[in-house]
Amino acid sequence: MDRRKFLGITGTVSAGMLFDGMRFLQSNKVNTVLKGGKCFFQNQWQILDVGIDDSGKLIFAPANTLEGNSVFDIRGKIVSPGFIDILADNGTSPGSTFKIFEKYKVSDGVTTALQMHGGSPDCAAYYKRFSALPHYINFGVSTFVMQIRYNLHGIAERKKQVEKCLKEGALGVSHSIEYQPTPYEETVEYAKLAKKYNRPFFMHLRHSSEAKELEGVDEAIKIARESGANVHIDHLHSTGGTYKMAEALDKIKSARKEGLNITCCVYPYSFWATYLHSMRFAEGWQKRYNITYSDLQVVGTGEKLNAATFAKYRKVKKLVAVPEGTMSFSETIDLALKEDFCMIGSDGGIEFEKNANSHPRGAGCFATAINHCLSIGIPLEKALDKMTTLPRNLISPALQNRGILEDGAMADLTIFDEKTINGKATVSNPNQFSEGIEYVFVNGKLTFSKGQLIGTFGAPIKYQVI
Ligand SMILES: [Zn+2]
């Protein structure tokens, strides 16, 4: 019998004792109670009391049965597991920017930011350094193959370092073979290591041009087949499925039917942004993307480029955005979002205030995604799966106790208004909080309340190596 059924027959409950499926509580009083919120719990929408106990764990009970030291009236609002950003990006100088980065993440409902597109070339050092600092949200990293390849020259040395990271708790292995072209034979070796240590392999595919993008998808499938690893394709609509998304998805679907574990993610914006000095802007970019200088805008100011400013800003490594509509919603992102293997990943992070030179998705990705999914008829619970359950399953078992509403799970929670939720960050001004995010709890503690940052309760997320 689950506790809710038990509570339904209150005549048999003695002295306020509650049964929560796992534990007996000595009273119906808990640390914190959220009352009147709508929860997608046990496969249906319900209005429940959501309690948080002294250890930060969730307790669900019928409406008006729990008492708390703190009580939040959240009538009409949605209670979701906190959003998990698998493609959070704070790679440039995390030591000096992580607080700003996390501030904008939590204001967008994110309770766990994982840098799985990149990460660290020395994961033990990363965790040691960042675990000693205060965090608004939970954090974790993947093994950053691109940096390891840059640092070390022999394949054996590189593999040794990847393996070291995995032994020390890295959440996965990531590589970006468009930015750093790498022979197939070497790339698949990294995927095999991911498989050996039961971690996912995250890929930024090799091609983003119209002529070759599907070859990149084929390569990811081949890697999944040959290595046996769970292969996750980063931002499929910007790399792999920009021009032929339906075909890219068909390839992934048949690979999944074959039994291969392939997933992908998108961010809900119709334009990408990247650094002027990156491979994306190598000779011939105008033809590749069918755009010119004046189509490029400096993120943070909105300034449009010309040939002279292109050269000037390239030297100082500015990030620029391509025009809205470069990746059509209806022909790319929406097709991917309708697939149950497609998650939301921001591929972003805000690093400075004000005028951050960072794609607005770093501040508005998740609220925008919910708003957008609802606008194209994706049910709210399906939209939430893409930022909670699916990432939880992919980064398993490190996230086993998060990303889900169930008794005993860690209380990472995002409370929002489904009628008003939306991202507000723009190319001209990315430093804006999302609308509709009311409260965010991290590890059971109130972290964000109606636009205000409250405290730092984030924890490291690591693969527990036995
Ligand atoms: Zn990428």
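With respect to His207, is the statement that it is in a loop (DSSP other than H, G, I, E, B), within 16 Å of the ligand (Cβ to nearest atom) and surrounded by fewer than 21 Cβ atoms within 10 Å (Cβ to Cβ) true?
Yes; evaluated as a whole, the condition is true for this residue.
Being closer than 23 Å to Gln42 by Cβ and either in contact with a Ser or Thr (Cβ under 8 Å, 6 or more places away or on another chain) or buried (at least 20 other Cβ atoms within 10 Å of the Cβ) (or both) narrows it down to one residue among Leu446, Leu380, Leu453, Leu390; which is it?
Being closer than 23 Å to Gln42 by Cβ and either in contact with a Ser or Thr (Cβ under 8 Å, 6 or more places away or on another chain) or buried (at least 20 other Cβ atoms within 10 Å of the Cβ) (or both) holds for just one of Leu446, Leu380, Leu453, Leu390, which is Leu390.
Can you find a residue in segment 130-139 that is in a loop (DSSP other than H, G, I, E, B), of a type in the set (Ser, Thr, Tyr) and away from the ligand (no atom under 16 Å from the Cβ)?
Within segment 130-139, one or more residues are in a loop (DSSP other than H, G, I, E, B), of a type in the set (Ser, Thr, Tyr) and away from the ligand (no atom under 16 Å from the Cβ).
Does Thr414 qualify as being away from the ligand (no atom under 16 Å from the Cβ), more than 30 Å from Asp250 (Cβ to Cβ) and part of a loop (DSSP other than H, G, I, E, B)?
no
Would it be correct to say that Ile370 is more than 16 Å from the ligand (Cβ to nearest atom), in the same structural domain as Ile86 (by TED's automatic domain parsing) and β-branched (Val, Ile, Thr)?
The answer is yes for Ile370.
Give the residues of segment 175-197 that are over 13 Å from Lys159 (Cα atoms) and without any contact (Cβ under 8 Å) to a residue 12 or more places away in the chain, sorted by residue number.
Answer for segment 175-197, where residues must be over 13 Å from Lys159 (Cα atoms) and without any contact (Cβ under 8 Å) to a residue 12 or more places away in the chain: just Pro183.
Only one of Ala229, Ala224, Ala220, Ala273 is more than 15 Å from Ile333 (Cα to Cα), of a type in the set (Gly, Ala, Ser), in contact with a helix residue (DSSP H, G or I) (Cβ under 9 Å, 6 or more places away or on another chain) and within 12 Å of the ligand (Cβ to nearest atom). Can you tell me which?
Among Ala229, Ala224, Ala220, Ala273, only Ala273 is more than 15 Å from Ile333 (Cα to Cα), of a type in the set (Gly, Ala, Ser), in contact with a helix residue (DSSP H, G or I) (Cβ under 9 Å, 6 or more places away or on another chain) and within 12 Å of the ligand (Cβ to nearest atom).
Go through Asp108, Asp122 for me and flag whichever is among the acidic types (Asp, Glu) and touching a Ser or Thr at 6+ places or on another chain (Cβ under 8 Å).
Being among the acidic types (Asp, Glu) and touching a Ser or Thr at 6+ places or on another chain (Cβ under 8 Å) holds for just one of Asp108, Asp122, which is Asp108.
Quick check: anything in segment 164-172 part of a helix (DSSP H, G or I), modelled with pLDDT of 95 or more and over 24 Å from the mean Cα position of the chain (by Cα)?
Within segment 164-172, one or more residues are part of a helix (DSSP H, G or I), modelled with pLDDT of 95 or more and over 24 Å from the mean Cα position of the chain (by Cα).
Just checking, how many residues over segment 286-308 are away from the ligand (no atom under 16 Å from the Cβ), buried (at least 18 other Cβ atoms within 10 Å of the Cβ) and either under 15 Å from His359 (Cα atoms) or modelled with pLDDT under 95 (or both)?
Adding up the residues that qualify gives 4.
Restricting to segment 151-197, and then to whatever is away from the ligand (no atom under 16 Å from the Cβ) and under 28 Å from Tyr104 (Cβ atoms), can you tell me which residue is surrounded by the fewest Cβ atoms within 10 Å (Cβ to Cβ)?
Gly169
Could you list, in sequence order, all residues of segment 232-261 that are surrounded by 24 or more Cβ atoms within 10 Å (Cβ to Cβ), at positive phi and either in contact (Cβ under 8 Å) with a residue 40 or more places away in the chain or away from the ligand (no atom under 16 Å from the Cβ) (or both)?
Of everything in segment 232-261, just one residue is surrounded by 24 or more Cβ atoms within 10 Å (Cβ to Cβ), at positive phi and either in contact (Cβ under 8 Å) with a residue 40 or more places away in the chain or away from the ligand (no atom under 16 Å from the Cβ) (or both), namely His235.
Scan segment 77-103 and report the pairs whose first residue is among the basic types (Lys, Arg) and whose second residue is surrounded by 20 or more Cβ atoms within 10 Å (Cβ to Cβ), with Cβ atoms within less than 7 Å and a gap of 6+ or a chain change.
Lys77/Gly37; Lys77/Ile415; Lys77/Phe416; Lys77/Glu438; Lys103/Tyr136
Go through (1) farther than 22 Å from Thr242 by Cβ; (2) modelled with pLDDT under 95; (3) outside any loop (DSSP other than H, G, I, E, B) and name the single condition Ala311 misses.
(2)
From the list Ser428, Ser396, Ser434, exactly one residue is over 26 Å from Ala229 (Cβ atoms) and at pLDDT below 95. Which is it?
The conditions single out Ser428.
For residues that are touching a Leu at 6+ places or on another chain (Cβ under 9 Å) and outside any loop (DSSP other than H, G, I, E, B), scanning just segment 103-117, find the one that is surrounded by the fewest Cβ atoms within 10 Å (Cβ to Cβ).
Going through the qualifying residues, I end up with Lys103.
The values are calculated or read from the model by the stated rules, or taken from the named source; none is laboratory data. This one's a predicted model, so the numbers in the text were calculated from it and none came from an experiment. Here the Cβ is made from the backbone with ideal geometry for all residues, glycine too, and neighbour counts use every protein chain on show.
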